[in-house]
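Undergrad: I'd like to ask you about the structure that follows.
The values are calculated or read from the model by the stated rules, or taken from the named source; none is laboratory data. The shown structure was predicted, so the numbers you read here are calculated from the model rather than taken from an experiment. In this analysis, Cβ positions are derived from the backbone assuming ideal geometry, glycine residues included, and neighbour counts consider all displayed protein chains.
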Amino acid sequence: MMVLTGMVAERLVGPHEAERMRREFVELFGRYHPFFIIVFFPWIETLLFQALPAVIGQINELQPLWRWLIIVVPFGLAHYDPSAVTGMLFNGLSGGVILGYTYLKYMPRSHYRAMLVTWMLHAAGNACAYFT
């Protein structure tokens, strides 16, 4: 979510202004910004990029491959950062592949369990990225 916001901001206002906006984010949330990066944003992204597309695919009776693709592609694109190393699109897509597979694997048991497991994996990935 932050990367997407940063990407949009960078294109609209330029790299220096985008960096200032990133600093303001940290100042705005103060000492709680790790909570938002590690816990809150993965939960929101799991809702937007896994749960919602999976339910839409289920309602429209899409094949499992198409359900998986509508989960993976938006997640990968949202995590694309043109200012970072060129591997950022690959990182977003590979994360989307893993999280999409996990969500679809647990979805037949319950959407709650699928949401919880996917969110925990995403939060763990964000924690690793944040603390390294």
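Undergrad: Taking region 35-55 as the region of interest, how many residues are without any contact (Cβ under 8 Å) to a residue 40 or more places away in the chain and in contact with a helix residue (DSSP H, G or I) (Cβ under 7 Å, 6 or more places away or on another chain)?
TA: The number of residues fulfilling the criteria is 2.
Undergrad: Another one. Out of region 40-61, which residues are loosely packed, with under 14 Cβ neighbours inside 10 Å, over 10 Å from the mean Cα position of the chain (by Cα) and not polar (S, T, N, Q)?
TA: Once the filter is applied, which keeps residues that are loosely packed, with under 14 Cβ neighbours inside 10 Å, over 10 Å from the mean Cα position of the chain (by Cα) and not polar (S, T, N, Q), region 40-61 yields Val55, Ile56, Ile59, Glu61.
Undergrad: Met21 - would you say it is surrounded by 13 or more Cβ atoms within 10 Å (Cβ to Cβ), within 20 Å of Gly125 (Cβ to Cβ) and either modelled with pLDDT of 90 or more or not hydroxyl-bearing (Ser, Thr, Tyr) (or both)?
TA: No.
Undergrad: As an exercise: evaluate Trp66 against (1) of a type in the set (A, V, I, L, M, F, W, C); (2) farther than 15 Å from Phe41 by Cα; (3) at pLDDT below 90 and give the number of the one condition it does not meet.
TA: So Trp66 meets the others, but not (3).
Undergrad: Which of the residues belonging to region 36-61 are over 16 Å from Leu99 (Cβ atoms), modelled with pLDDT of 90 or more and of a type in the set (A, V, I, L, M, F, W, C)?
TA: Hits for region 36-61 are Phe40, Ile56, Ile59.
Undergrad: Now for a different question. How many of the residues making up region 104-132 are more than 22 Å from Phe36 (Cβ to Cβ) and either of a type in the set (A, V, I, L, M) or part of a helix (DSSP H, G or I) (or both)?
TA: Qualifying residue count, region 104-132: 8.
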